[in-house]
1. Quick one: would you say E144 is free of Cβ contacts under 8 Å to residues at least 24 places away in the same chain and surrounded by fewer than 19 Cβ atoms within 10 Å (Cβ to Cβ)?
2. Hey, among the residues in the stretch 21-32 that are of a type in the set (A, V, I, L, M) and either under 23 Å from E144 (Cβ atoms) or open to solvent by 10 Å² or more (accessible area, probe 1.4 Å) (or both), which one's modelled with the lowest pLDDT?
3. Might you let me know whether the stretch 81-88 holds any residue that is modelled with pLDDT under 80, part of a loop (DSSP other than H, G, I, E, B) and among the aliphatic types (A, V, I, L, M)?
4. Would you confirm, using the coordinates I've provided, whether L115 is modelled with pLDDT under 90, open to solvent by 20 Å² or more (accessible area, probe 1.4 Å), aliphatic (A, V, I, L, M) and under 18 Å from the mean Cα position of the chain (by Cα)?
5. Can you tell me which condition S143 does not meet? The list is (1) at pLDDT 80 or above; (2) outside any loop (DSSP other than H, G, I, E, B); (3) hydroxyl-bearing (S, T, Y), and all the others hold.
6. Residues R42, R35, R18, R53: which one is at pLDDT 90 or above, among the basic types (K, R) and open to solvent by 50 Å² or more (accessible area, probe 1.4 Å)?
7. Go over the candidates P135, P158, P152, P171 one by one and state the one that is out of contact with any strand residue (DSSP E or B) (no Cβ under 7 Å at 6 or more places or on another chain), within 16 Å of I25 (Cα to Cα) and open to solvent by less than 80 Å² (accessible area, probe 1.4 Å).
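The values are calculated or read from the model by the stated rules, or taken from the named source; none is laboratory data. Since this is a predicted model, take the numbers as computed values, not measurements. In this analysis, Cβ positions are derived from the backbone assuming ideal geometry, glycine residues included, and neighbour counts consider all displayed protein chains. Only protein heavy atoms, including side chains, enter the accessible area calculation; ligands, DNA and RNA are left aside. Shrake-Rupley method; radii C 1.70, N 1.55, O 1.52, S 1.80 Å.
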Amino acid sequence: MPMTARKQPSITRCLSIRRPWARLIVHGYKSLENRSWGTDYRGRIAIHATPGRRGDYDNYHSLISGPPYCDETQGQEFAAYMSGQHGPTPYELGKSDAGSLIVGSVEIVDVVDMLANHDKIDEMLDATPEGFSTPPRCWYGGSEYAWFLANPVYFASPIAIPGKLNLWKLPLDVAERVEREEQRALEAVDWVE
């Protein structure tokens, strides 16, 4: 009997981010990731939430009034989300997470070396990407590289897997699970809308 080739999953890469920041990305708030390194990769990636350090949760509580670099108007919906007006907060969700989990996916649309002279940096920082409620400027913290994100998807059933450093390749069986979870999430959104 001839063997048939398995279909390659569309999401094969993953980025580990500490809690609660990972959940802020997949829930459509944190539209920019600050990094000291860049990548040429563009496309969908899985977002992996690693257990946060104590200081991360201290920072979380300081965010309740709004993202660090946003004006009051930009931060209103975010503040409602952070204070639990739309359901469990990322803090509550993160506290109930056990171990390291893939909590969703997002698209990397651009990675910009912010130390280089770019004509369109201000325009890029002020444009709110598809699927997010706050512009990247709200999250830019002066890092060397700014990863611009779009189209976040939250997984109702996170996938347990240990994290790694850098942008890492998912094992094939995990990549297939990520693809199924993303499809379920997208179908649930279509059904609700």
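1. no
2. Residues of the stretch 21-32 of a type in the set (A, V, I, L, M): 22, 24-26, 32.
Now drop any that are not either under 23 Å from E144 (Cβ atoms) or open to solvent by 10 Å² or more (accessible area, probe 1.4 Å) (or both), which leaves 22, 24-25, 32.
Numbers: A22: 88, L24: 85, I25: 91, L32: 89.
Per the criteria, the residue is L24.
3. no
4. no
5. Status for S143: all satisfied but (2).
6. R42
7. P135
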